[in-house]
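We did not get these values from a lab; they are worked out from the coordinates using the rules stated. This structure is a prediction, so every number in the text was calculated from the model and none was measured. We place every Cβ from the backbone using ideal geometry, glycine too, and count neighbours over all the protein chains shown.
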Amino acid sequence: MKPMGLYLHIPFCRRKCLYCDFCSYPGRTGDHHRYLAALKQELRQRWNPRWQVATIYIGGGTPTILPPSALLDLLATIRTVAPVQPQAEVTVEANPETVDGPGLAQLRAGGVNRLSLGAQSGHDRFLEIIGRRHTVADVERTVALARQAGFTNINLDLIYGLPGETPADWQQTLRWAVSLRPDHLSCYGLQVEAGTPLDTMVREGRVRLPSEDEVSAMFLAATRFLPAAGYEQYEIANFARRPRAGETGRCDYRCRHNLIYWRYQDYLGLGLAAASTVAGHRWVNLSDLDAYLAAVDAGTAPTALAETLTPKQEMAEMLMLGFRLTAGPDPEAFAERWGVSLATVLGDRVGPLLSGGFLQQEAGTYRLTPRGMLVSNQVLTQLLSPLL
Ligand code: SF4
């Protein structure tokens, strides 16, 4: 049986955050039931009996805008359609204002074993500027409730580079986040996407973004502070806690679902705008809610775009993703898949990047240095140019 990552997209939110260009619909509560039915239908349509589920990730949007019973019903359907590995990682994304103690306990008892909370900042004023509906106190309360509910694997999503934020503010957010003792932290730089209200606010001069140097300083601060606080940086933006003194049992808190993406392994994405990659075939679903519902109702695949990658494109994809990991791409997995060594494919383009301090050579592979991570797009374009 082939292990697969399974992603399910819940495209509903209470209100649109000002920076958001994810596929999410505020309101549309009348469509929740029909959408869930479509999601289950799409699972039945696309599932291959030779697969088994290694990880489940219910993301959004705001999955916890739905009642816990609806999310558990979705999980129950997955288990009837697909074999799920007994130790499967099952993540649900949640926003603090949409969960309570009994709901979290219900999710935990129903098999959700990882909670990913959209915390974003340790400052109420930044949460307000970007249009989040929760406060710092809400995050603190939710983490405590999640622990009481039995969650032993909690991620906090954070964003740096927020309007008006200084490196000192970010440092305070990091300290605050660590004080909540999460098991995992994701730290992403704010992207101002065209057409969002935040984009308008920036262009009209109503808010000021930190300079590029300040944003770089914030990224580097996370890469120094979090490892010193017991969190291993295993991917450009992701940090997993190491076991604490005297702790036994689980010791790997890296997100297994996201590792599937970064290792270029196969995954099936269901729902609005969800992407899938299976054996070099890649497709993305429709992102219009009505069109998606109509396609599934009609018994057709709700696919918007599909392509089959050439071996060269696949190699590039595997390396692009693999270089996001701090360990670098796995040289054995690469050689096994392509019958050629990583060193041969990268050729002499590594030389200047090694001497420039952007790459480091270690354990038969290459990895980005913190300096390389700051300009990863440029480094990878240079490194992989013959494949692109
Ligand atoms: S909660 Fe997330 S998906 Fe929903 S509007 Fe805000 S940023 Fe977008």
Cα principal axis extents for region 2-260, largest first, Å
51, 49, 34
Please report the base-10 log of the normalised intensity I(q)/I(0) for region 215-261, using a Debye sum with one equal scatterer per alpha carbon and no solvent, at each q in 0.13, 0.23, 0.31 (1/Å).
-0.34, -0.85, -1.11
For the chain, cysteines whose Cβ has no other cysteine Cβ within reach (under 4.7 Å):
13, 23, 187, 251, 255
Using a Förster radius of 35 Å, what is the FRET efficiency between residue 335 and residue 212 based on their Cβ-Cβ separation? Nearest 0.05, please.
0.40
What residues of region 100-116 lie in the reach of a label at residue 76, counting those whose backbone N is under 15 Å from a point 7 Å from the Cα along Cα→Cβ?
106-112
Charge dipole (region 218-351, unit charges on Cβ, about Cα centre) - positive-most of 325, 261, 308
325
What ratio of Cα Rg to 2.2 N^0.38 Å holds for region 1-155?
1.06
Taking the chain and dividing mean pair separation by its residue count, relative contact order in percent (alpha carbons under 8 Å, at least six apart):
14
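Do me a favour and compute the ellipsoid semi-axes for region 271-354 from its Cα gyration tensor, root of five times each eigenvalue, largest one first, whole Å. Write down the numbers at each step before the final one.
On the way: eigenvalues 259, 34, 20 Å².
Computed over region 271-354, the values are 36, 13, 10 Å.
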Translational diffusion coefficient, Stokes-Einstein: compute it for region 311-387 using the Kirkwood radius over C-alpha pairs as Rh, at 10 °C and 1.306 mPa s, and state it as an integer in µm² s⁻¹.
130
quick note, the chain, DSSP beta bridge pairs, % antiparallel (nearest 5) is 40
Only Cα pairs under 8 Å and at least 6 apart count here; give the relative contact order of region 4-134 as a rounded whole percent.
28
For residue 2, give me every one of the lysines with a C-alpha distance below 30 angstrom, ignoring sequence neighbours fewer than eight places off in its own chain.
40, 312
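Fewest to most neighbouring Cβ within 10 Å: what's the order for 320, 1?
Details: 320 20, 1 12.
In order of increasing Cβ crowding within 10 Å: 1, 320.
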Can you classify region 237-321 as rounded, prolate or oblate using the Cα gyration tensor, where a ≥ b ≥ c are the square roots of its eigenvalues, rounded means a/c under 1.5, and otherwise it's prolate if a/b beats b/c and oblate if not?
oblate
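Any chance you could run the full-extension gain for residue 310 through residue 137? It's 0.36 nm times the residue separation minus the Cα-Cα distance, nm to one decimal.
Result for the pair: 57.3 nm of gain on full extension.
Only Cα pairs under 8 Å and at least 6 apart count here; give the relative contact order of region 340-383 as a rounded whole percent.
Values: 33 pairs, mean separation 14.3, N = 44.
Normalised by residue count, the contact order of region 340-383 is 32 percent.
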Farthest toward positive dipole pole in region 5-69 [+1 Lys/Arg, -1 Asp/Glu at C-beta], among 64, 33, 22:
33
Roughly how many debye, to the nearest 20, is the charge dipole of the chain about its Cα centre, given +1 on each Lys and Arg Cβ, -1 on each Asp and Glu Cβ, and no other charges?
680
